[in-house]
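One structure below.
The values are calculated or read from the model by the stated rules, or taken from the named source; none is laboratory data. Small disclaimer: the values here were computed from a predicted structure and weren't measured. Cβ placement follows ideal geometry from the backbone for every residue including glycine, while neighbour counts extend to all protein chains displayed. For the accessible areas, the whole protein counts, side chains as well, though only heavy atoms, and no ligand, DNA or RNA atoms are used. Shrake-Rupley method; radii C 1.70, N 1.55, O 1.52, S 1.80 Å.
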Amino acid sequence: MADRVFNFNPGPATLPYEVLQQAGRDVVNFKNTGMGLIEISHRSKEFIAVCQETETNLRELMGIPANYKVLFLQGGASSQFFMVPMNLLGPGKKAAYLNTGVWSKKAIKEAKLFGAIDVAYSSEELGFRRVPRSGEYKVADDAEYLYYVSNNTIYGTQFPDVPQSDKMLVSDMSSDILSRPIDVSKFGLIFAGAQKNLGPAGVTLVIIREDLLERSPANIPTMLAYKTHAEKESMFNTPPCFAIYIMGEVLKWLKKLGGVDAVAKMNAEKASRLYAAMDASDYYRGHADKDSRSLMNVPFNLPTKELEAKFLAEATALGLCGLKGHRSLGGCRASIYNAFPLEGVVKLTEFMADFAAKNPAP
Ligand SMILES: *Cc1c(COP(=O)(O)O)cnc(C)c1O
């Protein structure tokens with residue numbers, strides 16, 4: 001562990017060390033088969049057991065009701081931007097979207113290919129600094145669903161609660177899934193690319209209410225219909241075996257930690273320490289409005305670009321890595337997902353105080 005740094009990357013992101021160690025062994029020889037995990041058939045009893053255990057643990061951790069299907073798909077979260085409207089809309093059908101950042105904007109663009117899209121709220125003119133409260137927007141009566149991105153990875157905003165709506169909710173939870181408890185029964189569909197909070201890139205988790213499987217138009221490609229994957233338990237074609245396996249190990253780790261309630265407490269502690277360090281002076285300026293702050297991604301700026309470059313270089317030298325901000329905001333961003341340890345946040349806040357003292361704003 002001596003050579004490990006604190007990895008603040010936004011995704012792919014840090015994973016539990018014990019998961020990486022176990023994966024290293026299983027890649028070489030999985031369950032004494034004499035074959036590595038990524039060499040065995042996806043239809044072998046060993047791999048089917050991996051899939052089943054992963055699904056069982058996910059259902060338990062998230063409290064997924066029995067009338068929902070869990071799918072392990074490919075194509076990234078970005079493919080869900082079109083799969084959702086392709087399957088749930090159609091000519092003459094409408095959906096409402098909340099535009100709170102890059103990822104919702106991309107989803108809106110794709111959705112417009114498949115139906116009438118009502119952008120019920122947008123914080124774009126506010127620089128995506130906030131998310132709306134329920135009641136700040138109106139959802140059209142004839143909308144099939146209300147779509148939102150629960151955590152805006154780039155702008156560092158997060159819905160503090162599930163929006164109140166009588167509409168079926170659809171949510172992109174790529175960057176905060178399993179970071180706090182949610183009531184799955186309020187949703188028609190939840191999706192998440194794995195590479196932030198669940199595992200490595202390559203698998204996209206979809207949780208879909210069973211009755212929606214029948215909604216897909218008949219003329220869409222087989223691979224793009226949710227029903228195809230639901231009927232074949234994500235084995236219609238070769239699934240992303242390695243990514244599913246790692247997700248399974250991450251879920252086992254999360255269970256050992258005490259589940260979603262326990263990790264939510266740890267996440268709140270990490271975020272509150274980091275925001276306290278930022279709020280201690282006006283040296284570090286956060287991007288998000290205080291009431292919209294994300295517990296997962298914390299973008300911030302320093303007084304000048306030169307100081308930002310110096311900050312990033314010195315941080316990296318101390319083993320605080322991956323803090324460079326997204327190209328659309330510049331500056332810095334600390335991503336502190338489930339697997340990111342509290343001690344890394346403590347080390348960052350100490351460095352922040354030290355750096356501000358030694359490098360006064362011009
Ligand atoms: C990273 C991210 C995506 C894109 O995920 P891909 O798997 O790269 O397509 C979509 N939505 C959110 C909220 C993200 O953080």
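Out of region 322-362, which residues are polar (S, T, N, Q) and either open to solvent by 20 Å² or more (accessible area, probe 1.4 Å) or more than 17 Å from the chain's Cα centre (by Cα) (or both)?
Ser328, Thr349, Asn359
Which condition breaks for Asp118 when tested against (1) closer than 25 Å to Lys256 by Cα; (2) more than 16 Å from the ligand (Cβ to nearest atom); (3) buried (at least 16 other Cβ atoms within 10 Å of the Cβ)?
(1)
Tell me which residues, restricted to region 155-168, are farther than 18 Å from Ser122 by Cβ and either touching a helix residue (DSSP H, G or I) at 6+ places or on another chain (Cβ under 6 Å) or open to solvent by less than 10 Å² (accessible area, probe 1.4 Å) (or both).
Within region 155-168, Val162 is the sole residue that qualifies.
Being under 21 Å from Leu73 (Cβ atoms), of a type in the set (Asp, Glu) and out of contact with any helix residue (DSSP H, G or I) (no Cβ under 7 Å at 6 or more places or on another chain) is the filter here; which residues of region 22-59 pass it?
Matches in region 22-59: Glu55 only.
Output the qualifying pairs, or none if there are none: Cβ atoms under 8 angstrom, residues six or more apart or on different chains, first residue in region 117-141 and acidic (Asp, Glu), second residue open to solvent by 50 Å² or more (accessible area, probe 1.4 Å).
Asp118/Lys94; Glu124/Lys105
Please work out which one of (1) farther than 29 Å from Phe236 by Cβ; (2) open to solvent by 10 Å² or more (accessible area, probe 1.4 Å); (3) within 16 Å of the ligand (Cβ to nearest atom) is the condition Asn152 fails and give its number.
Just one mismatch for Asn152, condition (2).
So for region 268-287 (the condition being over 29 Å from Gly63 (Cβ atoms), in a helix (DSSP H, G or I) and touching a Leu at 6+ places or on another chain (Cβ under 6 Å)), does at least one residue qualify?
There is no residue in region 268-287 that is over 29 Å from Gly63 (Cβ atoms), in a helix (DSSP H, G or I) and touching a Leu at 6+ places or on another chain (Cβ under 6 Å).
Any idea which of (1) more than 20 Å from Ser175 (Cβ to Cβ); (2) touching a residue at least 12 places away in the same chain (Cβ under 8 Å); (3) of a type in the set (A, V, I, L, M) is the one Met62 doesn't satisfy?
So the condition that Met62 fails would be (1).
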